[in-house]
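The values are calculated or read from the model by the stated rules, or taken from the named source; none is laboratory data. The structure displayed is predicted, hence computed values, not measured ones. Here the Cβ is made from the backbone with ideal geometry for all residues, glycine too, and neighbour counts use every protein chain on show.
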C-alpha cells in the first residue's frame, strides 16, 4: 500500500502547497512513484503548481520527475450507499486509482475544516502541519495562558487530529506520525521565537507530535510557482550557479525530507 502523506492546517497562508510540492517532487526525483491530490476544491494551489510544471516542461522541452496529480472524480448518486457521504466516495476513489502505481500519495488539505480534510487526516500515515512561527498560528494548536505562556489545552485543529488518531486506532492502523513545521522563521524577534519554540516543545510532549524546522521566508519560493519548479530543479533548467539564499533554501528542503523518516527513503540530493 502507498504511504499517505497529508499536509494540513486549518489556517491559510502557512505554506502547505509549497511544502506539498517540494516533498512530492523530492520523492519523485529520488525515483519514488508519487501520486498527488488537492482537496482544496476551490483554490487548488497544489494542483495548479503541478499543472504549471507540466506546462513549463512541455514548453521548455524538459523531462523532469513530476508527481502524478489527479482531480477528485465526481460521485454518482446511483453508486452511493445509503447514508454515504459523496466526499468520502470521491476521496476513496481517487486514492484507489493512485495506489497501485504509487509508493507515496501526497495530499494537500484546504485551510479550513471540511469533510474531505477530516477524512484525509484519518488516512494519514505521516501528517505535516506547517505553522507560521507566531502565536497567531499557534492558537490553532493550543490555547495558552497570556500571562505565563503555559499551554492550557489543545485547540480546534489538535482536537481534529486526535479524532483522526482514534479512528485509526479503532481500525487497527498504525499511529499517525505528526510533524509540525516551524515555517517563516525570521532572523529577528528572537524573544518571540524562543517563546513560540518553548510552547511548541511543551505541547509536543502533551499531545504527541515532532517539531521540525520548515522553510524560511524567501522570495524564491514565490518565484518558482508560475513555472511549477522547485529548488531541486534549478540546475536542470540552466541555472549553473545558485546564490547563497538558494543553497540555504535547498538545504531546508533536504532537512525536511530527512526529518520525515519516510519508509524506504534515503535522501540523495
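Computed values, structure above
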item	result
Residue in segment 77-88 that is closer than 29 Å to residue 264 by Cβ and not in a helix (DSSP H, G or I) present	no
Pairs where the first residue, in segment 41-54, is on the phi > 0 side of the Ramachandran plot and the second is surrounded by 18 or more Cβ atoms within 10 Å (Cβ to Cβ) and not in a helix (DSSP H, G or I), C-beta under 8 Å, 6+ apart	44/38
Residue among 143, 115 that alone is surrounded by fewer than 19 Cβ atoms within 10 Å (Cβ to Cβ), under 20 Å from residue 44 (Cα atoms) and without any contact (Cβ under 8 Å) to a residue 60 or more places away in the chain	115
Residue within segment 139-149 that is under 20 Å from residue 7 (Cβ atoms), outside any strand (DSSP E or B) and in contact with a helix residue (DSSP H, G or I) (Cβ under 6 Å, 6 or more places away or on another chain) present	yes
Output for segment 198-221, where each listed residue is in a helix (DSSP H, G or I), touching a strand residue (DSSP E or B) at 6+ places or on another chain (Cβ under 8 Å) and under 18 Å from residue 177 (Cβ atoms)	200, 201, 203, 204, 206, 207
Out of 101, 52, sole residue that is farther than 29 Å from residue 159 by Cα and in contact with a strand residue (DSSP E or B) (Cβ under 9 Å, 6 or more places away or on another chain)	101
Residue tally, condition touching a helix residue (DSSP H, G or I) at 6+ places or on another chain (Cβ under 8 Å) and either crowded, with 18+ Cβ neighbours inside 10 Å or under 18 Å from residue 124 (Cβ atoms) (or both), over segment 31-47	9
Exclusive hit being under 19 Å from the mean Cα position of the chain (by Cα), at pLDDT 90 or above and surrounded by 17 or more Cβ atoms within 10 Å (Cβ to Cβ), set 210, 165	165
Single residue of 185, 224, 232 found to be outside any helix (DSSP H, G or I) and either within 30 Å of residue 49 (Cα to Cα) or at pLDDT 95 or above (or both)	185
Tally, over segment 125-138, of residues that are in contact with a helix residue (DSSP H, G or I) (Cβ under 7 Å, 6 or more places away or on another chain), buried (at least 20 other Cβ atoms within 10 Å of the Cβ) and assigned to a loop (DSSP other than H, G, I, E, B)	1
Residues of segment 222-251 classified as surrounded by fewer than 18 Cβ atoms within 10 Å (Cβ to Cβ) and either within 21 Å of residue 6 (Cα to Cα) or in contact with a strand residue (DSSP E or B) (Cβ under 8 Å, 6 or more places away or on another chain) (or both), total	1
Residue in segment 98-110 that is in contact with a helix residue (DSSP H, G or I) (Cβ under 7 Å, 6 or more places away or on another chain), surrounded by 13 or more Cβ atoms within 10 Å (Cβ to Cβ) and more than 17 Å from residue 35 (Cα to Cα) present	yes
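Here's the yes/no breakdown for (1) under 20 Å from residue 235 (Cβ atoms); (2) crowded, with 22+ Cβ neighbours inside 10 Å; (3) under 18 Å from the mean Cα position of the chain (by Cα):
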| position | (1), (2), (3) |
| --- | --- |
| 7 | no, yes, yes |
| 11 | no, no, yes |
| 17 | no, yes, yes |
| 22 | yes, yes, yes |
| 25 | yes, yes, yes |
| 60 | yes, no, no |
| 82 | no, no, no |
| 93 | no, no, no |
